[in-house]
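Worksheet: the structure to be examined is printed underneath.
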Amino acid sequence: MRRAAGLSRGLVLAVFALSTLFPFYWVLVSSFKDKHQIYANPFGLPANWHWGNYADIWQTAHLSRYFWNSLFISACAVAIMLLIGAMAAYVLARREKSGWLYAYFTLGIMIPVHAILIPSFVLLKQLHLLNSHFGLILIYVVSNLSLCVFILHGFLKGIPRELEEAAAIDGYGRVRTFVSIVLPLAKPGLATVGTLGFLNCWNEYLFAYVLIGSEPSKTLTQGVMALTGQYSTDYALVCAGLVVSMLPLWLVYMLFQEQIVKGMTAGAVKG
Amino acid sequence: MRRKHDAVFYGGFVLPAVIVYTLFMIYPVAMSAGYSLTEWNGVTAKTFVGLGNYQELIADGDYWQVVRNTGQLIAYSLIFQVGAGLAIAYLLAKVMHGFRFFRSVIFIPVIISPVAIGLMFSLFYNSDTGPLNHLLDSLSLSSWKRQWLSDPHTVLKAVMAPQIWQYIGLYVVIFLAAIQQVPEELVESARMDGAGPSRTFFNVVMPQIWDVFQVCVILAVTGSLKSFDHAWVITSGGPGNASSFIALQMFKTAFISNQIGYGSAMTITILAYAALFTMLFKRICARLYN
């Protein structure tokens, strides 16, 4: 009885896991075929492996340019977010009577980011920051700042004050204490928030689309979206493009799975 | 002396975040509210119209169509993301072997960009060359074939499917973490008292993960209210508004029709729905618990 339950449970889970993997399998396999093979033999392995699809999509569809843009923007946004977020979280964690400030920052978690779409456009236009990576970076920093402060606040609170007091006795200034003692101890928190922030920036589409219009500055998500236009009939190229956009994420996921899961479930589950 | 140093330090340290956050998050939200009270094309002068945009929204058939679509998305999210996520997490919690593998696999779609997921599914749905209709043929289910993306009867569900599918894993992982925190002794003593699996679930496990359940419901609802990317990449909301959602409609209104004021009013309604739902839901839950 137990056995049967275990088996059927395993079966349900296996079916579910397969249904999760299958679309990715199809895209991966199709990226190596030509478009006729994709139609004739959709689910099997390619007869000939067309690596050329990847060369095409990287060069002709300018995915390389979009790729580096996304990388630059995401990395900068995460760096800035972590820095000012950690600084703010530190103040909130150490200073008594910071209830109001804490509430102010975490309010942002509840605000749907679309609420600032139109004003961001108007504001950046006034600041002449449209079509610039810096403008988009600022918006990304702000979009993730609330969650960043919220999560880092939890981490920093857990760092014992004795260490900082000992540093003060040794003559360390507050800033030096923060940089050399507190930040290294907060690495797990920084890694969690950083990875999550990176994912959010890398995968973001709408703000990039609205705030960046000039070709050379576009992000990878815009590049993927563009695959629906010009190359939409050549499934093999589109699949290659999809794989290119997903590959970094799979890699990051393999390396930082724990941090990603922790980051995404933070706030939902305590502990 | 130390006090004063502290104040300067604290003030200086928190200032960059406060400045950036206020300037680019709080102020824009206020701007949105302000725009919603005007008629503006983004270029020429604004005209103050008070609540005129909102009155127009109430009479706007397109708006209510996208609200209904969003409502459907919310319903399906609650059933197939929160509900199914919980069920699968419950199954997974009891599994011994391959647990980590399942968990890793189920979470993969969550980290991919919605645009990529949407594009992937739009390839599946192609009525002539896509694998979905091909699969139906090979399973002798040809009568089930449709023009998934051009048929107004199927397009909404077709566009909702990838979104639902993508994030089930998130809820599975969240519920899994919560279920694993339920003390073993509680479950054991319930079993020893003769409780069957569903009694154990509803009377022992659910109360323990109730807080997490609430958070997940709110997450699903607010997430659905924000839905844009998938619909945009698959159909741009078409045909007509058959597969459009509020955020999409807002985007089209503000950035394609250049009606900034009217679009902002839609944005405010999204905010209002999210805030209202959260407050009401929390109140209902607090009452249910007593």
Residues of region B:99-109 classified as crowded, with 19+ Cβ neighbours inside 10 Å and more than 7 Å from chain A (Cβ to nearest Cβ), total:
1
Scan region A:90-103 and tell me whether some residue there is more than 12 Å from every other protein chain (Cβ to nearest Cβ), among the polar types (S, T, N, Q) and out of contact with any strand residue (DSSP E or B) (no Cβ under 6 Å at 6 or more places or on another chain).
no
Out of the residues in region B:68-98 that are modelled with pLDDT of 90 or more and over 24 Å from B:PHE213 (Cβ atoms), which is surrounded by the most Cβ atoms within 10 Å (Cβ to Cβ)?
B:ASN69
For B:ILE117, state whether it is more than 30 Å from A:VAL91 (Cα to Cα), β-branched (Val, Ile, Thr) and either in contact with a Pro (Cβ under 8 Å, 6 or more places away or on another chain) or without any contact (Cβ under 8 Å) to a residue 24 or more places away in the chain (or both).
yes
Condition first: within 11 Å of chain A (Cβ to nearest Cβ), over 19 Å from B:SER227 (Cβ atoms) and not acidic (Asp, Glu). Can you find one or more residues in region B:148-169 that meet it?
no
Subset tally (residues that are without any contact (Cβ under 8 Å) to a residue 24 or more places away in the chain and at the interface with chain A (Cβ under 7 Å from one of its Cβ atoms)) for region B:81-93:
1
Of the residues in region B:127-154 that are free of Cβ contacts under 8 Å to residues at least 12 places away in the same chain, out of contact with any helix residue (DSSP H, G or I) (no Cβ under 6 Å at 6 or more places or on another chain) and assigned to a loop (DSSP other than H, G, I, E, B), the one that is nearest to B:GLY238 (Cα to Cα) is B:ASP151
Members of region B:44-64 found to be under 23 Å from B:LEU156 (Cβ atoms), touching a residue at least 12 places away in the same chain (Cβ under 8 Å) and crowded, with 16+ Cβ neighbours inside 10 Å, listed by number:
B:LEU57, B:TYR63
Among (1) more than 8 Å from every other protein chain (Cβ to nearest Cβ); (2) closer than 26 Å to B:LEU248 by Cβ; (3) within 27 Å of the chain's Cα centre (by Cα), there is one condition B:THR22 misses while meeting the rest; what is its number?
(2)
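Looking at region A:22-33 only, could you name the residues that are surrounded by 15 or more Cβ atoms within 10 Å (Cβ to Cβ), of a type outside the set (Val, Ile, Thr) and either within 25 Å of the chain's Cα centre (by Cα) or more than 10 Å from chain B (Cβ to nearest Cβ) (or both)?
Selection gives A:PRO23, A:PHE24, A:TRP26, A:LEU28, A:SER31, A:PHE32, A:LYS33.
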Which members of region A:221-236 meet the condition of being more than 8 Å from chain B (Cβ to nearest Cβ), at pLDDT 85 or above and farther than 19 Å from A:TYR25 by Cα?
A:GLN222, A:GLY223, A:ALA226
Taking B:SER143 as the residue in question, decide whether it is at negative phi, surrounded by 12 or more Cβ atoms within 10 Å (Cβ to Cβ) and among the polar types (S, T, N, Q).
no
Heads up, the helices (runs of 4 or more DSSP H) in region B:194-290 (entirely inside) with at least 1 residues that are more than 11 Å from chain A (Cβ to nearest Cβ) and surrounded by fewer than 17 Cβ atoms within 10 Å (Cβ to Cβ) are B:206-225, B:260-289
If you go through A:ASN131, A:ASN144, the only one that is in contact (Cβ under 8 Å) with a residue 12 or more places away in the chain and under 23 Å from B:SER227 (Cα atoms) is A:ASN144
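The values are calculated or read from the model by the stated rules, or taken from the named source; none is laboratory data. Not measured: the values here are computed from a predicted model. No Cβ is skipped: glycine too gets one built from the backbone with ideal geometry, and neighbour counts run over all protein chains shown.
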